[in-house]
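Comments concern the structure below.
The values are calculated or read from the model by the stated rules, or taken from the named source; none is laboratory data. Bear in mind the structure is a predicted one, so any value in this text is a computation, not a measurement. Don't worry about glycine lacking a Cβ; one is built from the backbone with ideal geometry, like all the others, and counts go over all protein chains shown. To get the accessible areas, we keep the full protein, side chains included, count just its heavy atoms, and leave off ligands, DNA and RNA. Shrake-Rupley method; radii C 1.70, N 1.55, O 1.52, S 1.80 Å.
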Amino acid sequence: MIIGVLNKYHSSTSDSGLRCIARAAMIWVSAIVIGIALPMNTAGAGISLEHGQERVDPTPELRWLLDETQRLTLDEVSHQSELFAPMPANGFLPRSTGTYWLRLSFDPMSADTDEWLLELAYTQLDEVRFYARNENRDWNEIVTGDTKVFSSRERRHPNFVFRLPFRAGEPLEVFLRIQTSTSVVAPITLWQAEAFQRKNLTTQFASGIYYGLLLALAAYNLFLYPVVRDSSYLFYVAYLVSIGLFQFSHEGLAFMYLWPESPQLADKAVTLTLSLSYISGLQFARRMVRTNHFAPRVDRVMRIWAWLSVTPALLVLWVGPGPFFLLLPLLAFGVIVLVTLALVYAWSEGYRPARWVLLAYSALLPGGVLLVLRTLDLIGASFWTEHLLQIGTGVEAVLLSFALADRINLLRSDKESVQGKLLAVEKSARQAQQLFSRQLIDTQDHERARLAKDLHDGLGQHLSLLKNGLWRLVGSKGVTIPPGLMDAAGDAIKEVRDVTQRLHPHLLDRLGLRAALESVAERMLGTAQIEYTLELDEIAGFLSPSEELHLYRIVQESLSNILRHSGARHVEISLRCGEYLSLLISDDGRGLPDTEAARGFGLVSIAERAKALEGEARFENRPDGGYRVVVEIPIRNCASPGGVSLSSQ
């Protein structure tokens, strides 16, 4: 084309030759300029940041380069732009032990340009170097990363944030050099400074709510443990703390607030806390849904898996997180499968708390799956991959608290059921004991009555015949009998009568309870010259003969204790019928120590006879000195006219 133009102007008139040559030269220069300019424009335009914008996604203009040898310098990569490739849309770069270079170009900015920031929102990068030219056209370098102290960062923020040093009217080119032992994710966002500050405030507010919720639930359940004494609460607290620390470390907040001067711990914290969350989560699930009972085979596998999860937690302290980076998703997959199986087994067996735990883990499951897939480079980074696990963890923590509360209610219900059964068994045993005691006492009373009758009708009659025969011999034949022999015969007869009376009060059978009590008081207290007062309501017809015998024996045993132990000068005996049939035997003697009262066989016999009457016996030392026995029997409105009040005076 240019040759054709020159030939055209060469055929012109000679006087216009110089003009033609000048025009041809201009066309030639224009062609050269256009030929150079066109290839330069096809290389791609820079990013234009305009006034009023707040946030820009630079991924379409972002270029990357992998240096497998780790030997390329900044000068070399800055002059070899053709080596850079477009950034994948998901922000993931292939896993490698090499060095990654990222490149961004910006169009010239005006003098009133806002301050702009570059945010690299992935905290688990070992080393990040940021390069931008300063006012002297030299490269300015910022070296940071989670293997450097936190103060190495240009801005105090959990993510890597760098200021873009724009100068009016000049284009800007920046480079990022990344080296790490884990996966490389480079979600880069450009922020207007004030918009970035507003975003930070919103993020901090949401994080405060989330971590405050976890901390409150952990503290609450920790305080509950001494009350309920259930190890599920301790493992739940351990799970909340470990999963909370994992999120805190994964977001870079732990490095920022807890250990800013310990990059070694910051580099290992995510792997360590995630392993601990596996262990505590498995142990919590095992104890919460009682897998050893509902799914013993799954329980054994869960214990083995928990021990496997201990391995990265221990070895990461020595060798770092790199070798275990791909092991953690596999362990997480196993935890998800095992816990789900255990919960399904328990729920199918009708274990009520399993439904809450299954619902809680279902809230966590989507976020956990997305995190595993993102870690394995199978899906790209997004809002849901970054935050769904955090949202699910918060929901899970609340639902697990409901599960623990439901478990408390279930345990309380089981406890009340067991207590009810124990009370029923205890009541049945007590009734059986009372029945046995009553039958034993009745048997003893019947045996005593039989012995008394046999003595009275047998030995007593024979002694009476012997004594009468001796008297006839003396009267009819003039036989002289030693005086002591007749007295001995009389004493023997009297002794037999006393023994038979003590074995069984025949007066009770003939004249009733009131006459029998008057007789025993006179015989025992009157003989001992102890003053007494007797106040008896007439209760004939309200008690069976065996029940009257029990009351008689209680009075007899009480008076016997008074004669043997008290040294009393006055005794009060009353039998009253009001709200209860109440029997009182009180003396003014020395009283009894509580220990002796508890051990005395006589008082035990009184208590058993009171139980046989379905009543209660109380033994008390009087405040003014002395002792009293009170027996109350549930027989109401039993008094009849004709009560008696007697005194030995």
(message) I'd like the residue in the range 121-145 that is hydroxyl-bearing (Ser, Thr, Tyr) and part of a strand (DSSP E or B) and, out of all such residues, is farthest from residue 106 (Cα to Cα).
(response) 144
(request) Could you grab me the full set of residues in the range 242-274 that are within 16 Å of residue 312 (Cβ to Cβ), modelled with pLDDT of 90 or more and polar (S, T, N, Q)? (result) 242, 249, 273
(message) Looking only at the range 525-556, how many residues end up being closer than 22 Å to residue 569 by Cα, crowded, with 16+ Cβ neighbours inside 10 Å and in contact with a Ser or Thr (Cβ under 6 Å, 6 or more places away or on another chain)?
(response) 2
(message) Please list, ordered by residue number, the helices (runs of 4 or more DSSP H) wholly in the range 252-345 having 3 or more residues that are without any contact (Cβ under 8 Å) to a residue 24 or more places away in the chain.
(response) 296-319
(message) Can you confirm whether residue 576 is open to solvent by 60 Å² or more (accessible area, probe 1.4 Å), touching a residue at least 12 places away in the same chain (Cβ under 8 Å), out of contact with any Cys (no Cβ under 6 Å at 6 or more places or on another chain) and part of a strand (DSSP E or B)?
(response) yes
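Hand me the list of strands (runs of 3 or more DSSP E) wholly inside the range 1-120 holding 3 or more residues that are at pLDDT 70 or above and open to solvent by 20 Å² or more (accessible area, probe 1.4 Å). Walk me through it before giving the result.
Working: elements: 63-67, 99-106, 116-120.
Qualifying strands (runs of 3 or more DSSP E): 63-67.
So if I check each of 516, 405, 424, 429, which one is surrounded by fewer than 15 Cβ atoms within 10 Å (Cβ to Cβ), under 20 Å from residue 609 (Cα atoms) and either of a type in the set (Gly, Ala, Ser) or modelled with pLDDT under 70 (or both)? Walk me through it before giving the result.
Numbers: 516 fails: surrounded by fewer than 15 Cβ atoms within 10 Å (Cβ to Cβ); 405 fails: under 20 Å from residue 609 (Cα atoms); 424 fails: under 20 Å from residue 609 (Cα atoms).
Within the list 516, 405, 424, 429, the selection yields 429.
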(message) So if I check each of 156, 137, which one is at positive phi and either touching a helix residue (DSSP H, G or I) at 6+ places or on another chain (Cβ under 7 Å) or surrounded by fewer than 16 Cβ atoms within 10 Å (Cβ to Cβ) (or both)?
(response) 137
(request) Quick one: in the range 290-336, of everything that is surrounded by 15 or more Cβ atoms within 10 Å (Cβ to Cβ) and of a type in the set (Phe, Trp, Tyr), which residue is nearest to residue 183 (Cα to Cα)? (result) 325
(message) As an exercise: evaluate residue 604 against (1) in a helix (DSSP H, G or I); (2) in contact (Cβ under 8 Å) with a residue 12 or more places away in the chain; (3) surrounded by fewer than 17 Cβ atoms within 10 Å (Cβ to Cβ) and give the number of the one condition it does not meet.
(response) (2)
